[in-house]
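Before any comments, here is the structure.
The values are calculated or read from the model by the stated rules, or taken from the named source; none is laboratory data. As the structure is a prediction and not an experimental result, all values here were calculated from the model. Every residue, glycine as well, gets a Cβ built from its backbone with ideal geometry; the counts of neighbours run over all protein chains shown.
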């Protein structure tokens, strides 16, 4: 119902003829006042240019630079007395000391710019209005990205302000080839969205595809980049993220240099990167900032723990329920003795523990920080310990669940680890009903789903399922920089070479 | 961006490997041993010839009729009505072979592990997965084959752990009864290897510039090498007992015991082999669906995927009342029936097509 109404309103959005500005100041003011009625934050500041011509400055309180308005617009204009000599137009051009002043011809435009934060200057007898580039509002300072911390590497993170974010990218890629196309999305929020890419590096078809998908969005508001993600992804029913979200400018720049496209949204510190592959989700920023041998080792560990995170509980359930013979006898005895008092089958036990682990995790995330630690202490230590002592769950199961929990944190992308954690539950059910066969069925289904998934046209498993030796340099291993001479192959045509070959350092090269 | 749906050489090789060996590892050693005895390790080699013929015909035909799948070019070569009949035969063959494949898988699973799970359920569940894969298209089958084949192959490496149990005296005396038993024993393997012809259903989707020949030879070599390896270990481990085991590798895996930790790995093996069977079934299933849709000129083969799946289920149970019949079928029927469809028929097609081409080029030349 709600959705229907939203779609209806987006379609029938009133598009009347734009109202031109009148030469009478009072009529213009009245029109704007009627449109912005009950907007207590809109300020109307009448004054006289050179003591004679009446003028009106309209701005939104808190979105405009008050000091700047007084010092650079009103004060110089009120002092002015050479009005007759050069005419109003010319005088405004000379005297208004704003970095950006654009002329507007309709009242609708005036209101739009006003809502963007630009002060609007209207003058008696003028058919044009001026929008002054004196927008300024309170914004968060650039901070270290909380979700993607790194020991080594830049510590800047994106903020909620789009212009700061684009400037951070521009500071890294100082080339006019870095393009930033902007669009407005959202009927009411009119959110500024920027599509960034490097011309000649990114496949033009991908850029076009992203832009056309963005232009299709019709919504009343875009509050976070997730809204955009859900509108433009290829398969809306997949548990896997098909666009990468990151709050690190360096990650965005690295992706741009690989020929990908970034989407930045006003009001969200998370930029979206597309197209991505599954292996993109297994790459952390820090992989590239530490020694490549160690990074490779960490990457292998990550893939291993990805498997653990997905499969360990279900393997445990399968082995305990169907394939006891696989466990070495001595281990089997200790496991059996620990399960002696447990009244539930392994399946129930596993589901019980995994669900409570997920609940603990979520509770710890949402609670105010002050009681967050209390929850983790009560949850993890007291409940876990006493559940074992009371004989409700066995100690090995607690170990399995804890290990799985840690394993899921090995995935550098939080969103990806969410989807893996969620898929654990169907896997446990399959293991509890069909044993290893069920797990394999689940894996096949998962592989099928992943193989059919696409991210803006690029097959999701592209680098793993279409093995090319050159491309594994950044998938299973992290090759040293001097050997990554080619960009990863995405779709279509692209500029392959990224660095000159033969740069391997050695002592002979001096 | 449709070029992403094209298959690469590695994917092609993975599809072929699993198509032949998906059930090959389960069935071949025991079946071949019936004739070849301790010459079991040699039985794979005569099959290379069949595999090369099938493969060569598939490649040749796909070059003559680029972008066409088998039933389409059969119609083109033989004309409307004979083409329809032969195409129907191919379709029925794919159905029946898919049925036997899924039946072998089902017997393997229910016979060795899930004794109390109904056969129909085991068969239907994998057929459903394969059906989903087929609906997703050739690209998805190829990609998932590339991801799944390593899982399928890896457990074979564990056979090395059997080293202490191997008895080399089982190999002697080599060829004690001459070459004929080995050749008889190689009949079933060569039937299995002729199934590489099914790749021709995928060749229209191959990316341009892929060197088909190289990848085909590589995959045939990999197939022969793995089968040789498996046969060798079967004979070295079990000796004269090989013939009495249903699935020799399974028995071999029971022997593995390293560091008192890796033992009784056969359930693990089951899990890994499900994957290979899945790829094999998906390939046959895809071939059946494609040929059916080409046969009746359907606009979208996706419509008939699940109906074809039900036919496959029927074929897997109908006329195969027991495991013994399946084994007998593998020993007596498959060695002749499968190569007829997968090597002889393509060979005849190549001959017919090249005669046609020659005649046409003679006609088109202005002054004869």
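In segment B:325-347 there is no residue that is over 22 Å from residue B:65 (Cβ atoms) and outside any helix (DSSP H, G or I). Just a yes or no: is a residue in segment B:6-20 within 14 Å of chain A (Cβ to nearest Cβ), crowded, with 24+ Cβ neighbours inside 10 Å and assigned to a strand (DSSP E or B)? Yes; the residues of segment B:6-20 include at least one that is within 14 Å of chain A (Cβ to nearest Cβ), crowded, with 24+ Cβ neighbours inside 10 Å and assigned to a strand (DSSP E or B).
Among the residues of segment A:444-457, those that are more than 7 Å from chain B (Cβ to nearest Cβ) and within 24 Å of the chain's Cα centre (by Cα) comprise A:449, A:450, A:453, A:454, A:455, A:456. Inside segment A:29-58, can you point out the residues that are over 28 Å from residue A:219 (Cβ atoms) and under 41 Å from the mean Cα position of the chain (by Cα)? A:29, A:31, A:33, A:43, A:44, A:45, A:56, A:57, A:58, listed by residue number.
Here residue A:224 does not fit the description of being surrounded by 20 or more Cβ atoms within 10 Å (Cβ to Cβ) and either touching a residue at least 12 places away in the same chain (Cβ under 8 Å) or not assigned by TED's automatic domain parsing to the domain that holds residue A:190 (or both).
From the list B:147, B:158, B:232, the lone residue that is free of Cβ contacts under 8 Å to residues at least 12 places away in the same chain, at negative phi and assigned to a helix (DSSP H, G or I) is B:147.
Looking for something at pLDDT below 85, closer than 25 Å to residue A:199 by Cα and surrounded by fewer than 22 Cβ atoms within 10 Å (Cβ to Cβ) - is there at least one such residue anywhere in segment A:450-458? Yes.
Select, from B:252, B:271, the only residue that is assigned to a helix (DSSP H, G or I), at pLDDT below 80 and either more than 8 Å from chain A (Cβ to nearest Cβ) or touching a helix residue (DSSP H, G or I) at 6+ places or on another chain (Cβ under 7 Å) (or both).
Result: B:271 is the single residue among B:252, B:271 that is assigned to a helix (DSSP H, G or I), at pLDDT below 80 and either more than 8 Å from chain A (Cβ to nearest Cβ) or touching a helix residue (DSSP H, G or I) at 6+ places or on another chain (Cβ under 7 Å) (or both).
Filtering segment A:187-210 to residues that are touching a strand residue (DSSP E or B) at 6+ places or on another chain (Cβ under 9 Å) and over 22 Å from residue A:488 (Cβ atoms) leaves A:190, A:191, A:192, A:193, A:194.
Residues in segment B:51-66: is at least one more than 14 Å from chain A (Cβ to nearest Cβ) and within 30 Å of residue B:240 (Cβ to Cβ)? Yes, because at least one residue in segment B:51-66 is more than 14 Å from chain A (Cβ to nearest Cβ) and within 30 Å of residue B:240 (Cβ to Cβ). Might you let me know whether segment B:113-123 holds any residue that is surrounded by 22 or more Cβ atoms within 10 Å (Cβ to Cβ), within 14 Å of chain A (Cβ to nearest Cβ) and modelled with pLDDT of 90 or more? Yes. With the condition being over 18 Å from residue A:313 (Cβ atoms), I'd like the helices (runs of 4 or more DSSP H) fully within segment A:365-432 carrying at least 1 qualifying residues. The qualifying helices (runs of 4 or more DSSP H) are A:369-376, A:384-389.
Would you confirm whether any residue within segment B:115-126 is closer than 30 Å to residue B:304 by Cβ, under 17 Å from the mean Cα position of the chain (by Cα) and part of a helix (DSSP H, G or I)? Yes, segment B:115-126 contains at least one residue that is closer than 30 Å to residue B:304 by Cβ, under 17 Å from the mean Cα position of the chain (by Cα) and part of a helix (DSSP H, G or I).
Criterion applied to A:122, A:127 was being closer than 23 Å to residue A:48 by Cα and in a loop (DSSP other than H, G, I, E, B), and the one residue passing it is A:127. Taking every residue in segment A:310-334 that is under 11 Å from residue A:427 (Cα atoms) and pairing it with any residue that is assigned to a loop (DSSP other than H, G, I, E, B) and at pLDDT 85 or above, at least 6 positions away or on another chain, the pairs with Cβ-Cβ distances below 9 Å are A:317/A:345. Would a scan of segment B:209-230 turn up a residue that is more than 14 Å from chain A (Cβ to nearest Cβ), within 18 Å of residue B:108 (Cα to Cα), in contact with a helix residue (DSSP H, G or I) (Cβ under 8 Å, 6 or more places away or on another chain) and modelled with pLDDT of 80 or more? Yes; the residues of segment B:209-230 include at least one that is more than 14 Å from chain A (Cβ to nearest Cβ), within 18 Å of residue B:108 (Cα to Cα), in contact with a helix residue (DSSP H, G or I) (Cβ under 8 Å, 6 or more places away or on another chain) and modelled with pLDDT of 80 or more. Considering (1) in contact with a helix residue (DSSP H, G or I) (Cβ under 7 Å, 6 or more places away or on another chain); (2) modelled with pLDDT under 90; (3) part of a helix (DSSP H, G or I), the lone condition that residue A:442 does not fulfil carries the number (2).
When you go through A:103, A:84, A:29, A:17 one by one, which is the residue that is closer than 19 Å to residue A:127 by Cα and at pLDDT 85 or above? Spell out how you get there, then give the answer.
Values: A:103 fails: at pLDDT 85 or above; A:84 fails: at pLDDT 85 or above; A:17 fails: at pLDDT 85 or above.
From the options A:103, A:84, A:29, A:17, the qualifying one is A:29.
Suppose the filter is assigned to a helix (DSSP H, G or I), free of Cβ contacts under 8 Å to residues at least 60 places away in the same chain, closer than 26 Å to residue B:327 by Cβ and within 14 Å of chain A (Cβ to nearest Cβ); does residue B:110 pass it?
Here the answer is yes, as residue B:110 does meet what is asked.
Evaluating residue A:1 against the criteria (1) touching a helix residue (DSSP H, G or I) at 6+ places or on another chain (Cβ under 6 Å); (2) at pLDDT below 85; (3) within 30 Å of residue A:218 (Cα to Cα) leaves one unmet condition, (1).
Per the conditions (1) in contact with a helix residue (DSSP H, G or I) (Cβ under 8 Å, 6 or more places away or on another chain); (2) within 14 Å of another protein chain (Cβ to nearest Cβ), the sole criterion not satisfied by residue A:357 is (2). Is it fair to say residue A:241 is over 16 Å from the mean Cα position of the chain (by Cα), more than 14 Å from every other protein chain (Cβ to nearest Cβ) and within 30 Å of residue A:424 (Cα to Cα)? When the stated conditions are applied, residue A:241 does not pass them.
For the residues A:315, A:320, A:301, the requirement of being farther than 21 Å from residue A:483 by Cβ and more than 14 Å from chain B (Cβ to nearest Cβ) singles out A:301. One residue stands out among those in segment B:215-229 that are crowded, with 23+ Cβ neighbours inside 10 Å and under 23 Å from residue B:270 (Cβ atoms): the one that is farthest from the chain's Cα centre (by Cα), which is B:227. Filtering segment A:279-309 to residues that are over 27 Å from residue A:427 (Cα atoms) and in the same structural domain as residue A:453 (by TED's automatic domain parsing) leaves nothing. Of all residues in segment A:231-254, exactly one satisfies the criterion of being out of contact with any helix residue (DSSP H, G or I) (no Cβ under 8 Å at 6 or more places or on another chain) and within 24 Å of residue A:174 (Cα to Cα), namely A:247. Taking segment A:339-380 as the search range and keeping residues that are touching a residue at least 24 places away in the same chain (Cβ under 8 Å) and either outside the structural domain of residue A:315 (by TED's automatic domain parsing) or farther than 22 Å from residue A:311 by Cα (or both), which one is surrounded by the fewest Cβ atoms within 10 Å (Cβ to Cβ)? My answer is A:343.
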